[in-house]
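Below is one structure, written out as structure tokens; the observations come after it.
Computed from the coordinates by the stated procedures, all read-outs in this text should not be read as laboratory data. All values reported here derive from a predicted model rather than from experimental measurement. Cβ placement follows ideal geometry from the backbone for every residue including glycine, while neighbour counts extend to all protein chains displayed.
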Amino acid sequence: MKSTKNNPYKEVLTKLILGVFEKSSNQLFNYKQVASKLNLSDTDSKVAIADILHEGVESGVFSQPERGKFKLRQLNVYITGKVDMTADGSAYIVPDDELEDDIYIAPRKLRQALHGDMVKVHVYERKKKSRKREGEVVEILQRAKTDFTGTIDISKGYAFFLADDRKMLHDIFVPLDHLNGAQDGEKVVVSITDWPANAKNPVGKVKSILGKKGENDTEMNAILADFGFPLSFPKAVEEAANAISEGITKEEIAKRRDFRDTLTFTIDPVDAKDFDDAISFKTLENRHYEIGVHIADVSHYVTPDSILDKEAFERGTSVYLVDRVIPMLPERLSNDLCSLRPREDKLCFSAVFEMDDKANVHDQWFGRTIIHSDRRFTYEEAQEIIETKSGDYADEIRKLNELAQILKERRFKAGAISFETEEVKFRLDENGKPLGVYAKVRKDAHKLIEDFMLLANRRVAEFIGKQGRGKNKLGFVYRFHDVPNPETLTNFSQFASRFGHRLTIKSDKETAKSLNALMTKIEGSREQNLLTTLAVRSMAKAIYTTKHSSHYGLAFDYYTHFTSPIRRYPDVMVHRLLQFYLEGGAKVNIEHYEKMAEHASQMEKKAAEAERASIKYKQAEFLQDQIGVKYTGLVSGVTEWGMYVEIAENKCEGMVRLRDITDDFYTLDEKNFAIIGQRKKKVYQLGDEVQIKVKKVDLEKRQIDFTLLS
């Protein structure tokens, strides 16, 4: 063995050599001494060690202070972080330590790491101060995923799998005896089973067959599988749910506060199947109002560490795609036992408030209840009652709306931020094909429910969060929303000024007040959706945590999620903790709950990404038959390879590629959110109105290409 090039043992030997130097810091060794430390006496091994040491000097791993003697560079460090793959096969490692800069990894130094993997990286000493730090992956700590969705390509003697994920740059080799019935060209899920050290491609097997490319069910299931959401419940989970009795015993009712004789109703979307919240209303003798926020008592049916609980925890959340809901709980629970359907006795966990005409809370109570909903309203029905002042329970609904309006005004006065983003909805035929696109409108009936849910969430969090101090503080799961990054806000302010809008950035409260004024001013304008989207992007992302923290966007010192346990696992955790403390409990394993909260935050993010992917697919499908059709759009994003344009009338977004703009050579001006022609200095900036036509649609990649019309 004269060289270590293409030697499958090189990686192992390199790690052993590094170990020798790490154990003897600052010592110099020649290749013979290293071989002796490793008990390797044969000539081939010594030559291999010498090669690795000399290569290490070239790459910056080792220095050679004396001829033939080597030393591990002391400035070199190991960091752990996440792989962020680029289109050219190189990657950046985003360190766990947020204060660290990203590390550049050349393609040949990735050592089979894939996008999103957690890895250990050896960081080289900078050769020049101006250059970005570089390194190489020395260990893959955790795969982000081993299952991928894509297309199987079967040849006579072998098959290859091409992943839909654009950041999965390796085709997967699939032996013919691992096809599991897949046919050429079908969409499938493939699981990586092996990746030999000297192999270019990983080896895998077909895990499941999704179906024919381009069919609605196939593509929606592919999106779910790609983000790691299961397409069905395991048989044992379904059986456990179906085995639960729907009867409510007298003993159970005796433990609960009975609201069955109090007027109670639900207000939900017209197509809702799981009703997880209800409102009760009663006028008291002192002319105050008793208002109950009643939430399905999922924790009564889903007990800790049961098979149902483990499945719900893993999923973390229900997933809402364009044409379907993938529930967190089996249908027996989500649409039956826990759904607060009208004219049925249902078990709830409730927050009950005594309020006056000015929406001041005089008293509150939290605990388990039993209710009987008198009526199921759709948002449209409730809105008509608010507007016409007539209909079932009109006086009660109008009074609730008045109180909700006061709660909302009080919230905004305290510094809450109002973002009215347009939610894209599709009109679909029976096969899921989009016939039209429209923006969902939120009216008072939506906000009525929202404000009472916010009240319950805040008051539950305060009730627990304000008890105890220091070591005696009660452990709990909060919803945390951090203050925005000042630099990001300043960039947004500068951009908004191009439309003639001014944003004051001072204290958190003043900034929020200024943002609200801006959101009110742009309502109905052509730039509303663009500026609102950018404003939302400038905000920090909300997460779940056990560390008590305020919610900047809502201007609440304490906030949690209590109101949707059918579709969010953190709400189940909150119900359990609240009941534990109501029964006199004092201590919980807070580290355990923090890990659960982190998992819930990750699954929430994945669910949002899956929802966006389904919207992108339906937008592409909607425009598939409109090649050549002209539209007016707004520039919604700029990159080094093109500019994104959002069509004004249907909110579909596509790209105008720079190579297709032929009147000049355009480059990105990142600071000013623009692309600029180098000769004529023509500028296309975020928010500019442009005329485009649909050029090409790639359904498989969920990509829409536009041509810019001069």
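Measuring gaps between exposed loop sites in the chain (GluC sites (Glu not before Pro); DSSP loop; at most 11 other Cβ atoms within 10 Å), the longest gap, sites not included, is 99-245.
Residue exposure proxy: ARG498, ARG567, ordered by other Cβ atoms within 10 angstrom of their Cβ from fewest to most, comes out as ARG498, ARG567. For the Cα atoms of the chain, what angle does the longest principal axis make with the long axis of helix 486-497, in degrees from 0 to 90, nearest 10? Approximately 70 degrees, to the nearest 10. Rounded to whole numbers, the Karplus 3J(HN,Hα) couplings from phi for segment 184-191 are 3, x, 6, 8, 9, 10, 10, 10 Hz, using 6.51 cos²θ - 1.76 cosθ + 1.60 with θ = phi - 60°, and x at Gly and Pro. Taking 12 Å as the straight-line reach from the Cα of LYS145, the aspartates and glutamates in range (excluding those fewer than 8 positions away in the same chain) are ASP117, ASP165, ASP226.
Rounding to the nearest 10 and keeping the result within 0 to 90°, find how far the Cα-based axis of helix 10-23 lies from the longest principal axis of the chain. Between helix and principal axis, roughly 90 degrees. Residue-wise HN-Hα couplings along segment 664-672, as the Karplus relation 6.51 cos²θ - 1.76 cosθ + 1.60 with θ = phi - 60° gives them from phi, are 6, 9, 9, 10, 7, 10, 4, 4, 9 Hz; Gly and Pro carry x.
Expressed in nm to one decimal, what extension gain is obtained for the pair LYS521 and ARG375 from 0.36 nm per residue of sequence separation less their Cα-Cα distance? Mind showing how you got there, number by number?
Working: separation 146, 0.36 × 146 = 52.56 nm, distance 3.81 nm.
Gain in length upon complete extension: 48.7 nm.
Axis of helix 569-582 versus longest Cα principal axis of the chain: the two differ by about 60°, to the nearest ten degrees.
To the nearest 0.05, how large is the calculated FRET efficiency for GLN64 and ASP84 if R₀ is 35 Å and r is the Cβ-Cβ distance? Can you show the working numbers first?
Working: r = 33 Å, r/R0 = 0.95.
The calculated FRET efficiency here is 0.55.
Restricting attention to segment 391-505, lysine pairs at least eight places apart or on different chains and with alpha-carbon atoms under 14 angstrom apart total 5.
Based on C-alpha pairs under 8 angstrom that are at least 6 apart in sequence, the chain has a relative contact order of 8 percent. Using a cut-off of 27 Å between Cα atoms, the listed pairs LYS605/LYS651; LYS205/LYS696; LYS616/LYS680; LYS132/LYS651 include LYS205/LYS696; LYS616/LYS680; LYS132/LYS651 as exceeding that distance.
If R0 is 22 Å, the Cβ-Cβ spacing of GLU252 and GLU331 corresponds to a FRET efficiency of close to 0.45.
Taking other Cβ atoms within 10 Å as a rough exposure proxy, THR632, THR14 sort from fewest to most as THR632, THR14. The amide H of THR560, built 1.01 Å from its N in the peptide plane, has ARG458, ALA461, ARG479 as neighbours under 5 Å, considering only residues 5 or more places off or on other chains.
Qualifying chymotrypsin sites (Phe, Trp or Tyr not before Pro) in segment 632-684, where qualification requires a DSSP coil assignment and no more than 15 other C-beta atoms within 10 Å, comprise TRP641, PHE665.
The charge dipole of the chain, taken about its Cα centre with unit charges on the Cβ atoms of Lys, Arg (+1), Asp and Glu (-1) only, comes to about 2840 debye. Between LEU428 and residues 5 or more places away or on another chain, which pairs have amide H atoms under 5 Å apart, with H built 1.01 Å from N, and which residues are they? Residues meeting the criterion, in which the H sits 1.01 Å from N, are LEU435. Each of PHE353, VAL477, THR249 was placed along the dipole of the chain (beta-carbon charges, centred on the mean Cα), and the one lying farthest toward the positive end is VAL477.
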